Each structure stands twice: as C-alpha cells, then as structure tokens.
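Shown next, in structure tokens, is the structure this report addresses.
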Amino acid sequence: MAAEFGGRLLAAGVQLPGTTDGRVVLESVQLKWQDVPLAERFERVLGAPVLLINDVDAEAIAEAGMEESPSGYRLFIHLGGGVGAAVTLDGELAPGPRDRAGEIGHVQVVFGEAARACRCGQRGCLESAAALGAMLGEEFSDAMDASEIRALAAQADEEQLDEGARALARAVKLISALLDPIEVVIGGPATELGPRFLDRVREETEYPARGTAQVPVRYADPRASLAAGAAQAALTGALGVRWNPEQLRAASPANP
Ligand SMILES: [Zn+2]
C-alpha cells in the first residue's frame, strides 16, 4: 500500500473482529489477541495515520453513510457466526468510554427450557438463538458466499429461524425503547435469509409497548461495504472528512 500510494496516502482504516480503542486491539477472541498496539505498527510501515476499527462498527458507519445527511441514532446489528451491534449517532459511531458498546451477543434473552447452551458457557445468550449457526445449523460458516447461505436457509428448520427472530426481536425492542433509533438495520450474512426472516423480526417487534415508538427494521444496503466504512472512519479520524453516499459507494470494492 505504501509503495502504491506513497505520499498520497492520507490515512488507513484497519477493520478487525474484536474490541479496539482505535490504537490498540483490546481483545479479539477470534484472533486470540489482547492489548496489541497494532495501529502503531501499521503506521511505521505506511507512514500515515492508522485507525483500528471493529468490523461491525465499520459496517454501521458505511450503512449510515449511505444517507446524504444521517441524523439520529441508528442501531446496526450484525448477524453471522456471531452477533454484534453498533450504534451510530448522526452517522458517527457512538461508542462507550470503554470501547465495548455493541457487545450484545452474550446477553441472555432466552429463558427456561428454551434456553440453549452457548459457546461462551452460559445458556440462552442472544447468540445461542440468533447467530446463523444456531438458526441454519452447524454447517454455516462466515466464509460462505451469498448463494451458499441462501441454499442453507432454503432447507433450514423454520422453527429455528422463528426462534432466532424472537430472540433478536427481544433485544431490538429493548434497545429501541432506550435509544428511540430512526431505524434498526440487520447486516452481515443474515441479509441472505430473505424476506420471511425479516418479516418475523418485524412481527415480533411490532407489538405495542406503552410509551415506545414503532421502529422500522430492515436489511442492510448491500452497497455499503465494510471496507468503505473502515476507510471512512479513518478519514474522519485523521482529517474530519466525510464522504457523500456516492463517494462511499465508489470506495467500496465491487460486489463479487
Ligand atoms: Zn453466550
């Protein structure tokens, strides 16, 4: 990258699975890393400011950036091999002081006999019901492409999908009651589950809960790429620059 862009490289965003404060990988279960000062190492090689960003956060930024002037809270939920969330406010990430916002996968939302064992050792976590492995079976992997996921979804047990939708809806309803988001966006491989799953989530969130507003739920825009989100975050961090939706789409690698 440094060789290709030389002095024209303004900033770089590095997306990764795990929590980060932008400079240090605080914890990544997938990479088996803890407290790794990765940004500094990249900067030495690239000679430009580097921002580390959680992959779900990058997706959320790209998604919010598809609007000309994003306003209000937007709740983004990534459903894949794991479940993660990110909240943006006016298009910018709204992280907590410990950089752990959005780690909702292992919050318990299923109780009693329906609660299944989770890989974290607890029971009834959101992931134990709504991660794609739980809904589509153990054959699911994050490495699958869209057509493979669609094929798996077509033969999936509908009851498992409904159970996942119910568990997800519980989390969505509660977070929405708290934030009053403009919308809830489901992203990641789950966007290949098709209209039936989305309808179930909508049905489960559409009951009247006194005092709350009805929040629209939709799938993520396939043109909003994670890579563009990471680049956007780095640009904002280094230069305070924000792309318009057209520039954001142009920065996305072409869809395979
Ligand atoms: Zn768990």
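The values are calculated or read from the model by the stated rules, or taken from the named source; none is laboratory data. Remember, it's a predicted structure, so these values are computed and weren't measured experimentally. Don't worry about glycine lacking a Cβ; one is built from the backbone with ideal geometry, like all the others, and counts go over all protein chains shown. Ligands, DNA and RNA are excluded from the accessible area calculation, which covers all protein heavy atoms including side chains. Shrake-Rupley method; radii C 1.70, N 1.55, O 1.52, S 1.80 Å.
When only Cα pairs under 8 Å and 6 or more residues apart are kept, what is the percent relative contact order across region 90-160? Walk me through the numbers before you get to the answer.
On the way: 63 pairs, mean separation 14.1, N = 71.
It rounds to 20 percent for region 90-160.
With just the Cα atoms of region 1-54, tell me how far they stretch along each of the three principal axes, in Å, largest first.
34, 16, 15
At a 1.4 Å probe radius, carbon and sulfur cover how many percent of the accessible area of region 117-198? Please report the intermediate quantities before stating the final value.
Numbers: 1880 of 3730 Å².
Solvent-exposed carbon and sulfur of region 117-198 make up 50 percent of the total.
Run the numbers on the chain and let me know its relative contact order in percent, using alpha-carbon pairs under 8 Å that are six or more apart. Let's see the in-between values first.
Details: 499 pairs, mean separation 56.1, N = 256.
It rounds to 22 percent for the chain.
Hand me the trypsin sites (Lys or Arg not before Pro) from region 21-121 located in a DSSP loop with no more than 16 other Cβ atoms within 10 Å, in residue order please.
Values: sites: ARG23, LYS32, ARG41, ARG44, ARG74, ARG98, ARG100, ARG116, ARG119; in loops: ARG23, LYS32, ARG98, ARG100, ARG116, ARG119.
Answer in residue order: ARG23, LYS32, ARG98, ARG100, ARG116, ARG119.
Can you figure out the FRET efficiency of ARG196 with LEU9, using R₀ = 30 Å and their beta-carbon distance, to the nearest 0.05? Let's see the in-between values first.
On the way: r = 45 Å, r/R0 = 1.49.
About 0.10, to the nearest 0.05.
Pairs of Cα atoms under 8 Å, at least six residues apart: use those to get the relative contact order of region 71-219, whole percent.
Numbers: 261 pairs, mean separation 38.1, N = 149.
Answer for region 71-219 is 26 percent.
Between VAL25 and residues 5 or more places away or on another chain, which pairs have amide H atoms under 5 Å apart, with H built 1.01 Å from N, and which residues are they?
Excluding prolines and chain starts, which carry no amide H, the hits are VAL36, LEU38, ALA39.
Report, for the chain, the % of DSSP beta bridges that are antiparallel, rounded to 5. The partial results should precede the final answer.
Values: 16 of 29 bridges.
Of the beta bridges lying entirely in the chain, close to 55 percent run antiparallel.
Going through region 170-256, which GluC sites (Glu not before Pro) have at most 12 other Cβ atoms within 10 Å and a DSSP loop state? Display every interim value, and only then the final one.
On the way: sites: GLU183, GLU192, GLU203, GLU204, GLU206, GLU246; in loops: GLU206.
Answer in residue order: no site qualifies.
How far, in degrees from 0 to 90, does helix 226-239 lean away from the longest principal axis of the Cα atoms of the chain, to the nearest 10?
Computed tilt is about 50 degrees.
May I ask for the angle, rounded to the nearest 10°, between helix 158-179 and the longest principal axis of the chain, with both axes built from Cα atoms and the value confined to 0 to 90°?
Tilt relative to the chain: about 60 degrees.
Enter the per residue convex hull volume of region 71-219, computed from alpha-carbon coordinates, in Å³ rounded to the nearest integer. Please report the intermediate quantities before stating the final value.
Details: hull volume 18.1 nm³, N = 149.
Here the figure is 121 Å³ per residue.
Please list, in chain and number order, the residues 5+ apart from ILE53 or on another chain whose amide H is under 5 Å from its amide H, with Hs placed from the backbone.
VAL14, GLN15, LEU16
Just for region 71-219, what percent of DSSP beta bridges are antiparallel, to the closest 5? Before the final figure, lay out the partial values.
Numbers: 11 of 19 bridges.
Around 60 percent antiparallel, to the nearest 5.
Give the accessible surface of the chain per residue, rounded to a whole number of Å², with probe radius 1.4 Å and ligands, DNA and RNA excluded.
Solvent-accessible surface per residue comes out at 52 Å².
Pick from VAL87, VAL110, VAL184 the residue whose mean-square fluctuation is largest in a GNM of the chain, springs joining Cα atoms under 10 Å.
VAL110
For the chain, take every pair of Cα atoms, bin their distances at 10 Å starting from 0, and report each bin as a whole percent.
Pair shares across the bins are 7, 30, 36, 21, 6, 1, 0.
Apply the Karplus parameterisation 6.51 cos²θ - 1.76 cosθ + 1.60, with θ equal to phi minus 60°, to every residue of region 53-58 and state each ³J(HN,Hα) to the nearest whole Hz, in sequence, with x for glycine and proline.
Whole-Hz 3J(HN,Hα) from phi for region 53-58: 9, 4, 4, 5, 4, 5.
Which whole-Hz ³J(HN,Hα) couplings does region 188-199 yield from phi under the Karplus relation 6.51 cos²θ - 1.76 cosθ + 1.60, θ = phi - 60°, glycine and proline marked x?
Ordered by residue, 3J(HN,Hα) equals x, x, 4, 5, 8, 6, x, x, 4, 5, 4, 4 Hz.
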